[in-house]
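Asks: Below is one structure. I have some questions about it.
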Amino acid sequence: MSKFWNLQTTDSQETRDGGEGDSLKLIPLWSIVLAVLVFAGSIYFFNHAAPVHRRPGSLPMHLITGYITGTVLASYSLVVGFVSRDVKRRGMSAGLWMLVVIFMPGLIGAVVYFLLRQPIMVRCPNCTTELIAGVHFCPQCRFQVAPVCGQCFRGVQITDAFCPQCGHETADDHAPARLRAYSDS
């Protein structure tokens, strides 16, 4: 049970800080393999298989064109892979968003997705109500999900000795043991 709370606290703390530290882990292996194959195929096509009249001195242009095209297409396949996993994590319609991202030209679909995506949802461990990640208390059962200052009730880090907003000593708050990811022992 202790491991569950430590993991839950770490995840919500990461989200609350605004960082998505594990967002690169959301890129599936198939997308990485596809990106490598697309990049290598683009290099091969523009440097060896393209039916272009070879003029002296055109090799640098073929190399640059191959690398730029390969980079853009490989990046596109990585974005599609990321969206395929991120959309499920956020509880959105995977089929609809994959069609939008794939068929809207020039990565416009990916930009639209990133502008309109829903926040990450987590469940309250006490009553299983869906909560937006980063909240401190469940609105249904008042269960404390994340550490807060006992005076101003703003979010604090587990390791903070004092509240960064009001200066209150957080050790006096006696936070529940389930919220202490790091112990002094």
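FYI, it's all coordinate maths here, none of it is from the lab. Quantities reported herein were computed from a predicted structural model and do not represent experimental measurements. Note that we place each Cβ from the backbone using ideal geometry, even for glycine, and neighbour counts take in every protein chain shown.
Asks: Residues of the range 31-45 with backbone nitrogen within less than 20 Å of a virtual label 7 Å along the Cα-to-Cβ line of A94, please, listed as ranges.
Replies: Those under the cut-off are 31-35.
Asks: A follow-up question, please. Based on a Kirkwood Rh over C-alpha pairs, give the Stokes-Einstein translational diffusion coefficient of the range 71-111 at 4 °C and viscosity 1.567 mPa s in µm²/s.
Replies: Answer from the Stokes-Einstein relation: 128 µm²/s.
Asks: Would you kindly state how much longer the chain becomes between E130 and R117 on full extension, computed as 0.36 nm times their sequence separation minus their alpha carbon distance, in nm to one decimal?
Replies: Gain on stretching E130 to R117: 3.0 nm.
Asks: When you take every Cα atom in the range 98-148, what is the radius of gyration, and what is Dmax, the widest Cα pair distance, in Å?
Replies: 16.5, 46
Asks: If I model a spin label at L73 and A171 as a point 7 Å from the Cα along the Cα→Cβ vector, what separation in nanometres do I get?
Replies: For L73 paired with A171, the spin-label model returns 6.2 nm.
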